[in-house]
Each structure stands twice: as C-alpha cells, then as structure tokens.
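Engineer: Here it is, the structure, as structure tokens.
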C-alpha cells in the first residue's frame, strides 16, 4: 500500500513540475540609450543578431544566460527554438562573421537583471520578471 501511495505521489509531483515548467515565461529586459523608443520587432532583431546598434549609433549589448545559468536551456528553447549549445554556436557564428557584437553571458537571472539595469544600451533575456522602473520589460521572445 505504501508503494502505491508513493507511486501516486511521485506521478503527481512530476505532473505538477511539468505543468509549472510549461507555464514559465521568458522576459526581454532592456535599458536603451536615452531617447530610444523600443519596439518588440527591434528587440527581436537585436536578439537574433540582425541589428548591431541603436538608432542613436550606440552599440547594442545582448546579455544571455551563460553555461552556469540554470535558465540557459529554457531561454534557448523558448526564445531561439534551439538548445543551449545551439544558441552559443549561433552567437559565435554571428560574432566571428562580424554580423553581431559579442554578447555578455551571466550566471543567473539576478546577474542578468543587475547587468541590464546598470548598463545603458543593453538587452537581456531572463525567466524572472524584474520589477521597478530601471528597465523596460517585454513578455515573451517571439
């Protein structure tokens, strides 16, 4: 009987964690230079390396989860439809071909939010929705 209860509990626990994971969101956080109006299309272009600079001419710095970040796989899948390794490979290709500026890699969502909040001209991806007025926040990646 105990085995049956444990099995049922385990199945419910796994189902609950899968449901929570499917409901998690990705957020784009941005700290553009003064006077720049953000659009979802412009942010998407920057995140995919199609745009290197703001309309003011300042370089766009993209902040992505690094290898130590627990959200790296989730961000890669939700925002780029690839694996974490595929995302790194794509960005290396963009950087070495001269099509994009080198991204900054962070170790945690808090590091991403902190970096973007104190660095003008940055765009970052995180699974934690930041609060406050220091950055612009967009839901979703696509």
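Engineer: Just want to confirm a number: the relative contact order over region 25-139, from Cα pairs under 8 angstrom separated by 6+ residues, in percent.
Structural biologist: 45 percent
Engineer: May I pose another question? May I ask you to order 89-101, 115-127, 61-73 by the average number of other C-beta atoms within 10 Å around their residues, highest value first?
Structural biologist: Final packing ranking: 115-127, 61-73, 89-101.
Engineer: A further question follows. What is the calculated FRET efficiency for residue 110 to residue 25, with r their C-beta to C-beta distance and R₀ = 25 Å, to the nearest 0.05?
Structural biologist: 0.90
Values in this text are rule-based calculations from the coordinates and carry no lab data. What you are looking at is a predicted structure, and each value in this text was computed from that prediction instead of being measured. Note: ideal-geometry Cβ built from the backbone for every residue, glycine included; neighbour counts use all protein chains shown.
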